[in-house]
There are 2 protein chains.
Amino acid sequence: MERIEIPPDIVIRRLPLYARSLRYLLDEGIQFVSSQELGERINVTASQIRKDLSFFGEFGKQGIGYDVAKLLTHIEHILGLSQDWPMVLVGVGHLGQAIVHYEGFYTKGVKLVAIFDNDPAKLGQHIGEFPVLSQEHISPVVQTHSVKMAIVAVPAPQAQSVTDSLVEAGVRAILCYAPVILQVPDGIYVRYIDPITALHSMTYYLAREEERENQEERA
Amino acid sequence: MERIEIPPDIVIRRLPLYARSLRYLLDEGIQFVSSQELGERINVTASQIRKDLSFFGEFGKQGIGYDVAKLLTHIEHILGLSQDWPMVLVGVGHLGQAIVHYEGFYTKGVKLVAIFDNDPAKLGQHIGEFPVLSQEHISPVVQTHSVKMAIVAVPAPQAQSVTDSLVEAGVRAILCYAPVILQVPDGIYVRYIDPITALHSMTYYLAREEERENQEERA
């Protein structure tokens, strides 16, 4: 059997976007989509989509395009979304509360099972359906539910120690909202949600434009 | 004069990470840093850092490394952070409220000036220091304060129309928290904050590992 090339991480990061776009198409009742049409919806070129998907097999049909429902099922399977991954959240300040209420977290694939905070005023309170548990309970809860995923939404100074507890308990994948760079052992996956760096990468372009405009005025 | 090559967007996206890391170093009282040390803190190779910075000039000194304060000032200047960019927020549900309270948004470079929502129950209320304004006021506020940046934190079905209003009013850069792909005219910058796609790109790896473990058990 021919050995399939390992897809680079950047491809894996685009697959969830394809899946989301296909879900929208399905909701709109669209049965087939070309790589061109799919690409236009998510600002990716048609050839990029074809190249990305080729890592995982043959999906489209010449002249017809992709069967939306089938391709979605395939991608969800590739992404491991045929099952629900239990997940915990640490930190229920304003941000953590927004996360608990964010309907996106109740979609396919991930399932919040417990929330933690160390603020004594919050312990025992409910956020949505979840009682706020003390961080001492991270380890037993993670082990009982075989939790592999966690969201870290504590302030920056606490993010590393919370991460250490999660990893020690058995968590393998962390989504971090704190503006830090976490140190984790090999084989632990970390993604960051970072609005400030996203904003600061746009001010670059705005500043360049302003410079150009000023130069044109002076010219 | 030699023409400087235009840095690719991926380089621009890394600069804010360098800046953040340099700020931490400065807080720790560290005066000089090698590209090696800086790289280890942010999981970027030393050669990548040197290559990225070479787009903007010569910064490091052989054997001494980078002057932390000077390099930070340079990068902040490159990113347009020597000035404050006024910014508006549309949508003050749980997420928008977390954004208003997020101290990160009061750092250098961006400055929240107004918040908007269309929920009649919220109008006139204060979130932090900001009164919630009706979305009808987007255009006059954006024009009065020369606002070029906005955060969109409304539910997905409203994100495109809010974006249209913002762009029409003069906003050029949008940070979008809604799980959609916005359609914007050329020359408008959009970045997405998207926890679900980040999570789903990690389930891929967890699922692969589980597969491997199951195969090993069967073998």
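Brief remarks follow.
- For the axis carrying chain A to chain B: nearest C-beta residue of A, whole Å: A:Ala98, 2
- Put in line by how crowded their Cβ is, counting other Cβ atoms within 10 Å and starting with the fewest, B:Val184, A:Val147 read B:Val184, A:Val147.
- Its Cα gyration tensor gives the protein assembly as shown an equivalent ellipsoid, and the semi-axes of that ellipsoid, as √(5λ) in whole Å with the largest first, are 33, 27, 27.
- Neighbouring partner chain Cβ atoms per residue of A:186-197, average, 10 Å criterion: 5
- Percent antiparallel among DSSP beta bridges (both partners in the protein assembly as shown, rounded to 5): 20
- Taking each DSSP H run with n ≥ 4 as -39500 (n - 2.57) and averaging over every residue of the protein assembly as shown yields -14500 deg cm²/dmol at 222 nm.
- Too-long pairs where the Cα-Cα distance tops 24 Å, listed order kept, from A:Lys111/B:Lys122; A:Lys70/A:Lys148; B:Lys70/B:Lys108: A:Lys111/B:Lys122; A:Lys70/A:Lys148
- Each listed q (0.14, 0.18 Å⁻¹) maps to a log10 I(q)/I(0) for chain A, found by the Debye formula over equal Cα scatterers with no solvent: -0.99, -1.24.
- Each principal axis of the range B:85-196 carries a Cα extent, and these read 35, 34, 30 Å when sorted largest first.
- Distant-in-sequence amide H partners of A:Phe32 (H built 1.01 Å from N, under 5 Å): A:Val68
- Whole-number percent relative contact order across chain B, with pairs defined as alpha carbons under 8 Å at least 6 apart: 13
- Ordered by the count of other Cβ atoms within 10 Å of each Cβ, fewest first, B:Leu123, A:Leu112, B:Leu38 give B:Leu123, A:Leu112, B:Leu38.
- Across the range B:3-61, the fraction of Cα-Cα pairs farther apart than 16 Å, rounded to a whole number, is 43%.
- Amide hydrogen neighbours beyond the local backbone of A:Tyr192, cut-off 5 Å, H modeled: A:Cys176
- Compared with the alpha-carbon gap, the fully stretched path from B:Glu210 to B:Gln31 is longer by 59.9 nm at 0.36 nm per residue.
- Nm distances between copies for A:His126, ranked from closest, using label points 7 Å along Cα→Cβ: 3.2
- 0 to 90° range, to nearest 10: angle between helix A:68-78 axis and chain A longest Cα axis: 50
- Lys, Arg +1 and Asp, Glu -1 on Cβ, resulting dipole of the protein assembly as shown about Cα centre, debye, nearest 20: 360
- Average other protein chain Cβ within 10 Å of Cβ, residues B:138-147: 0
- Shortest-first distances to equivalent copies, position A:Ile6, nm, label 7 Å out along Cβ: 3.5
- Least to most buried among B:Ser134, B:Ser161 (fewest other Cβ within 10 Å first): B:Ser161, B:Ser134
- With a 10 Å cut-off around each Cβ of B:88-99, the average count of Cβ atoms from other chains is 3.
- Interchain or long-range residues, amide H under 5 Å from A:Ile127's placed H: A:Val132
- Cα centroids of the range B:7-35 and the range A:115-172: 30 Å apart.
Read-outs: derived from the displayed coordinates by stated rules, not from any lab. It should be emphasised that the depicted structure is a prediction, and the values quoted were computed from it without experimental measurement. Cβ coordinates were reconstructed from backbone atoms using ideal geometry, including for glycine residues, and neighbour counts include every protein chain displayed.
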